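Visitor: Sharing a structure here in structure tokens format.
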Amino acid sequence: MPTPDHNPETREFTHTIDGKPASSPISLDVINPAVGEPFAKCPDATKDQLDEAVKAARRAFKSWSKLSFGERREYLHKFAEAVREKVEDMAIILTKEQGKPLSNAMFEMNGCAHELEAFSAIEVSNQTLRVDATHRVELIYHPMGVVGGIAPWNFPIILGTHKIAQALYTGNTMVLKPSPYTPLATLMLGEVARDILPPGVFNVVAGGNALGQWMTEHPGIDRITFTGSTATGKKVMASAAASLKRVTLELGGNDPAILLDDADLDSMMPKVFMGAFMNCGQICMAVKRVFVPEKHYDTVVDGFTKMAQNLKVGDGFEPDVQMGPLQNQMQFEKVLDIIDDTRKQASVRITTGGHQLNRPGYFIAPTIVADISDDSRLVKEEQFGPVLPVLKYKTIDEVVERANSTEYGLCASVWTTDVNKGAEVAERIEAGTVWVNHHVGSEADLPFGGFKQSGVGRELGLMGLQSFMEPQVIKVPLQ
Ligand code: NAD
């Protein structure tokens, strides 16, 4: 019996279209960011292949949409079980293509199995809106049709899984496109689904940015669920407008973490620090600005500086590594550019880091920046990398205003021993999620999304599931 080929250099990665593998005439190199060299090939879907995937999804919609939530839940549970059997294989590929430590890739893969089950545990039911002397009025939710999912490269699997679980559980079928930087683990997810889901229910096609654009223009796709940068999100919304596709956009952020006077520094500093440096700072809801009251400023800057110096940075396969490389050259150069700009700011202090590592791959030393102005690029833009500005403030009103003075509004956190005061400050922050004494994370039952230019609409939770369905009012006279 031939043994399965696990070597990514020789193994063929294929799209999943109508439940079957498909290759393309052209392939793209997939680069290992820990060395900056290609290690595998990924097929680049043609427009015809996208058409085939959409047609297959439309055919499958007829019967999939008629199943009950309970029947679709059973399928998603089987899918989760099959993913659990492949967690290690897929995590190895995820680390190779994304760069994150293997333990984090394992966590992401286990999260995939968990989320497939968690979303399908949420009850979605029709509602009675009114019964009066003359009428009964019901609100009925219908599946929308074919969902196009477009995912980024920072958490390819978990963000893809949110899309799959929400779309499929609510009775839609789907075509999912991973980022061209990190397509392989998602293609493997498609392979796993081939044996579990009816053909056409879940299609995975890989390709470049043009493929994403074709999806937003495609007349056979009814809804787009997009996660990525704000700049691309605007293009997606503009393109989807032509056919009035339903859209949710999960975009960038510039999250503030606000320490109050009474914060317990020993317990919160490591949490805020990891909230900024986890996944090499490449998280939409990473801590991207820390606001510290004057009296704690020097302690916090010193504490973060030591933590940054002690963080183990390296190839995701090295033992005990805590932070890998930036995921791609474009992001690596963008972060180095922001560091260059930071260096030019008056009276700024880069207390540690501020340079790339002297080794191949896209590595930047964990960097702490003090005494920087709110007008600098590092504070105003989404750095999406391992560089953290620490900002000093005097009053609560001042810090609330500065925290809100951004075009983004994804998440935020307030750190304090007085949780009621923390909740009061939290309500004043313009962001879709604000935690007290916590930062980073999403839960299947809690709606997630951004204020302002961090997004449009909400996914996750009942609100998110309902956004994958069309609500319909049925008004019936009483006999
Ligand atoms: P990106 O916008 O460059 O790419 C995202 C996806 O869009 C990729 O699959 C890409 O191929 C595709 N794409 C590119 N151009 C397109 C077009 N014109 N039409 C349709 N699709 C197109 O984002 P990225 O660099 O992969 O991801 C990083 C960004 O994602 C950061 O800004 C981060 O904050 C954001 N993000 C947001 C969330 C959230 O939930 N809010 C989560 C993770 C990442």
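Visitor: How would you rank 274-280, 447-453, 19-25, highest first, on the average number of other Cβ atoms within 10 Å across their residues?
Guide: On the way: 274-280: 24.4, 447-453: 21.1, 19-25: 15.3.
Order by mean packing, descending: 274-280, 447-453, 19-25.
Visitor: Within 10 Å, count the other beta carbons around each residue, average over each peptide in 297-307, 418-428, 197-207, and list them highest first. Provide the component values of the computation, followed by the final result.
Guide: Numbers: 297-307: 17.9, 418-428: 14.7, 197-207: 25.8.
Packing order, densest peptide first, comes out as 197-207, 297-307, 418-428.
Visitor: Then there's this: By how many nm would the segment from THR128 to SER405 grow when fully extended, if each residue of separation counts as 0.36 nm and the alpha-carbon distance is taken off?
Guide: Values: separation 277, 0.36 × 277 = 99.72 nm, distance 4.20 nm.
Taking 0.36 nm per residue and subtracting the Cα distance, the gain is 95.5 nm.
Visitor: Between helix 329-343 and the chain, what is the angle of the helix's C-alpha long axis to the longest principal axis, kept within 0 to 90° and rounded to the nearest 10?
Guide: Compared with the principal axis, the helix lies near 30 degrees.
Visitor: Got a sec? Which residues in the stretch 217-233 would a label at ARG377 touch, if it sits 7 Å along Cα→Cβ and we count backbone N under 19 Å?
Guide: Residues 229-232 fall inside that zone.
Visitor: Another question about this same structure. For the chain, what relative contact order do you get, as a whole percent, if you take Cα pairs closer than 8 Å and at least 6 residues apart?
Guide: Numbers: 1128 pairs, mean separation 87.7, N = 479.
Relative contact order comes out at 18 percent.
Visitor: Relative to the longest principal axis of the chain, what angle (0 to 90°, nearest 10) does the C-alpha long axis of helix 265-277 take?
Guide: 60
Visitor: Then there is this: For the stretch 383-464, what is the relative contact order in percent, using Cα pairs closer than 8 Å and at least 6 residues apart in sequence?
Guide: Values: 117 pairs, mean separation 21.1, N = 82.
Result for the stretch 383-464 is 26 percent.
Visitor: Here's something else I'd like to know. Could I get the Rg over Rh figure for the stretch 352-479? Both from C-alpha atoms, Rh via Kirkwood, rounded to two places.
Guide: Numbers: Rg = 20.1 Å, Rh = 17.8 Å.
Rg/Rh for the stretch 352-479 comes to 1.12.
Visitor: For helix 230-241, what angle does its Cα long axis make with the longest principal axis of the chain, in degrees from 0 to 90 and rounded to 10?
Guide: 20
Visitor: If you take the Cα Rg of the stretch 243-293 and divide it by 2.2 N^0.38 Å, with N the number of residues, what do you get? Spell out each step's value before the answer.
Guide: On the way: Rg = 15.1 Å, N = 51, 2.2 N^0.38 = 9.8 Å.
It is 1.54.
Visitor: Net charge around ILE474, counting only other residues with Cβ within less than 12 Å of its Cβ (Lys, Arg = +1; Asp, Glu = -1)?
Guide: On the way: positive: ARG130, ARG136, LYS475; negative: GLU138.
Combined, the nearby Lys, Arg, Asp and Glu give +2.
Visitor: Of all the C-alpha pairs in the chain, what % are more than 34 Å from each other?
Guide: Values: 41492 of 114481 pairs.
Above the 34 Å cut-off, the chain has 36 percent of its Cα pairs.
Visitor: Turning to a different aspect of this structure: I want to verify the translational diffusion coefficient of the stretch 1-152 in µm²/s; compute it with Stokes-Einstein, Rh as the Kirkwood radius over Cα pairs, at 10 °C and 1.306 mPa s.
Guide: Details: Rh = 19.0 Å.
Calculated translational D: 84 µm²/s.
Visitor: Sticking with this structure for a sec: Could you work out the Kirkwood radius for the stretch 41-96, taking every pair of different alpha carbons, averaging 1/r and inverting it, reported in Å? All intermediate terms of the calculation are to be shown ahead of the outcome.
Guide: Working: mean 1/r = 0.0704 Å⁻¹.
Computed over the stretch 41-96, the radius equals 14.2 Å.
Visitor: Let me know the Kirkwood hydrodynamic radius for the stretch 123-250, please, with Cα pairs as the basis and the value in Å to one decimal.
Guide: Numbers: mean 1/r = 0.0638 Å⁻¹.
This gives a value of 15.7 Å.
Visitor: A further question on this structure: Based on the Cα coordinates of the stretch 182-317, what is the per residue volume of their convex hull in Å³?
Guide: Dividing the Cα hull volume of the stretch 182-317 by its residues yields 177 Å³.
Visitor: Test of understanding: what is the full-extension gain from LEU462 to GLU71, defined as 0.36 nm times their sequence separation minus their Cα-Cα distance?
Guide: Extending this stretch completely gives an extra 138.9 nm.
Visitor: On alpha-carbon atoms, Rg over Rh for the stretch 204-249 using Kirkwood Rh? Walk me through the numbers on the way to the answer.
Guide: On the way: Rg = 9.7 Å, Rh = 10.6 Å.
Rg/Rh: 0.92.
Visitor: Here is a further query. Considering only the other residues whose Cβ falls under 14 Å of the Cβ of GLU443, what net charge follows from Lys and Arg at +1 and Asp and Glu at -1?
Guide: Details: positive: ARG458; negative: GLU115, GLU117, ASP445, GLU459.
Net charge around GLU443: -3.
No value in this document is a laboratory result; all are computed from the given coordinates. In this text the structure is predicted, and so the values were computed from the model without any measurement. Glycine also receives a Cβ, built like all others from the backbone with ideal geometry; neighbour counts cover every protein chain displayed.
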